[in-house]
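One structure is given here, and the rest of the page talks about it.
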Amino acid sequence: MLSLSALLLALLVDRWLGEPPVRWHPVVWMGHYLGWAGWQLQRQARPDGADYRSFWLGALAWLGGAAMVIAAALAIEQLALRLPAVLAGLLLGLALKPLLAWRMLRTEVQAVEQALQQSLAAGRERLSWLVSRDVSALSEAGVRESAIESLAENLNDSVVAPLFWFALLGLPGAALYRFANTADAMWGYRGVYRGQRWEWAGKWAARVDDVMSWLPARLTAALLLLAAGGRGLRLAGALRSEAVKTPSPNSGWPMAAMALVLGVRLRKPLIYGLNPDGREAQAADTGHAVVYAEKTLLALMAVALIAMVSVAIRGVA
């Protein structure tokens, strides 16, 4: 019940207050470490060919950062467990909040749609804040599809997966996941990205994120279908065949589920097309996607409540 109260508090703080100041944000601190370590790795990277030295240096840099993150989270958790229950739940909830970011994700996706209502150029510009892909040639539908894809993918990365690992391993689990996901976002590129070669230096970070996101991504997809009610359940048979179309072993699952429940196509030119028989995304679909995401979050809370109560009952028995 302590974990459940902390989880509820974290979500309430996220809804009411959003993100903490940058200077106090632990994910920003993770990014600073990864940026510094990445710079060191790039100094050692070979310009071509297999680069096993960069791979092992990248793995060691990742493990060093992960050890610091786990130690800090474990210290906070142990401190909380020595406090009275109310204070313990408060401390854990406040420590968990920066590791999830639903309000910011929702706001950014809605901002893309609002910018599109002004002009295509404004929509592209706002989308560039949200995604790393080249947005300069995207049509209005392409901008909207990219925003909806980002909402679905980050619903897992920024909300469901951190809460999943918190429920499983406590605050250290959630913190480790956010570190792994941030490392993948900064290092996990194939070939050359922005003039830096990450094919080998970022391979460890990419693979760990794949492993830690595997089950949460599929849980997110299942909850999205559940949020759509009976129609979502009827779409379950098509989910896997759509999800495996993306190069990532995980991101395709929530994106495919979102495409199916909305009934729209979601495409990345020359790479994949999800639900190709769906219609072109319209302005209202962005709002509908946000509603489905919020329903997914409610469903996740229900699942977490059932799981934690079951564990508590077994403990008493």
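Can you spot a residue in the range 186-193 that is modelled with pLDDT of 95 or more, among the basic types (Lys, Arg), out of contact with any Leu (no Cβ under 6 Å at 6 or more places or on another chain) and closer than 30 Å to Arg46 by Cβ?
Taking every residue of the range 186-193 in turn, none turns out to be modelled with pLDDT of 95 or more, among the basic types (Lys, Arg), out of contact with any Leu (no Cβ under 6 Å at 6 or more places or on another chain) and closer than 30 Å to Arg46 by Cβ.
Which condition from (1) among the charged types (D, E, K, R); (2) assigned to a helix (DSSP H, G or I); (3) under 25 Å from Trp39 (Cα atoms); (4) free of Cβ contacts under 8 Å to residues at least 40 places away in the same chain is the one that Arg231 breaks?
Just one mismatch for Arg231, condition (3).
Taking the conditions exactly as written (of a type outside the set (D, E, K, R), modelled with pLDDT under 95 and surrounded by 21 or more Cβ atoms within 10 Å (Cβ to Cβ)), does Gly230 satisfy them or not?
No: the conditions fail for Gly230.
When residues of the range 82-136 are filtered for being over 24 Å from the mean Cα position of the chain (by Cα) and free of Cβ contacts under 8 Å to residues at least 12 places away in the same chain, how many remain?
Residues that pass the stated criteria total 9.
If Gly123 meets every condition in (1) crowded, with 17+ Cβ neighbours inside 10 Å; (2) not in a helix (DSSP H, G or I) apart from one, which number is that one?
(2)
Kindly establish whether Val290 is buried (at least 23 other Cβ atoms within 10 Å of the Cβ), under 22 Å from the mean Cα position of the chain (by Cα) and over 30 Å from Lys203 (Cβ atoms). Steps first, please.
Details: buried (at least 23 other Cβ atoms within 10 Å of the Cβ): no; under 22 Å from the mean Cα position of the chain (by Cα): yes; over 30 Å from Lys203 (Cβ atoms): yes.
Answer is no for this residue.
Among Pro216, Pro162, which is the only one that is out of contact with any Gly (no Cβ under 7 Å at 6 or more places or on another chain), more than 22 Å from Asn275 (Cα to Cα) and either free of Cβ contacts under 8 Å to residues at least 60 places away in the same chain or not aromatic (Phe, Trp, Tyr) (or both)?
Within the list Pro216, Pro162, the selection yields Pro162.
For every residue, the table says whether it meets (1) within 21 Å of Tyr177 (Cβ to Cβ); (2) exposed (fewer than 15 other Cβ atoms within 10 Å of the Cβ); (3) out of contact with any strand residue (DSSP E or B) (no Cβ under 9 Å at 6 or more places or on another chain); (4) not aliphatic (A, V, I, L, M).
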site	(1), (2), (3), (4)
Ala6	yes, no, yes, no
Leu17	no, yes, yes, no
Gly35	yes, yes, yes, yes
Arg46	no, yes, no, yes
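Only one of these is within 28 Å of Trp16 (Cβ to Cβ), crowded, with 16+ Cβ neighbours inside 10 Å and under 26 Å from the mean Cα position of the chain (by Cα): Ile76, Ile70. Name it.
The match here is Ile76.
Out of Leu266, Leu274, Leu297, Leu270, which single residue is out of contact with any strand residue (DSSP E or B) (no Cβ under 8 Å at 6 or more places or on another chain) and closer than 30 Å to Lys203 by Cβ?
Only one candidate passes the filter, namely Leu270.
Which is surrounded by 20 or more Cβ atoms within 10 Å (Cβ to Cβ), among the hydrophobic types (A, V, I, L, M, F, W, C) and closer than 14 Å to Thr286 by Cβ, of Ala115, Ala141? Show your work before the answer.
Numbers: Ala141 fails: surrounded by 20 or more Cβ atoms within 10 Å (Cβ to Cβ).
Only one candidate passes the filter, namely Ala115.
The values are calculated or read from the model by the stated rules, or taken from the named source; none is laboratory data. Remember, it's a predicted structure, so these values are computed and weren't measured experimentally. In this analysis, Cβ positions are derived from the backbone assuming ideal geometry, glycine residues included, and neighbour counts consider all displayed protein chains.
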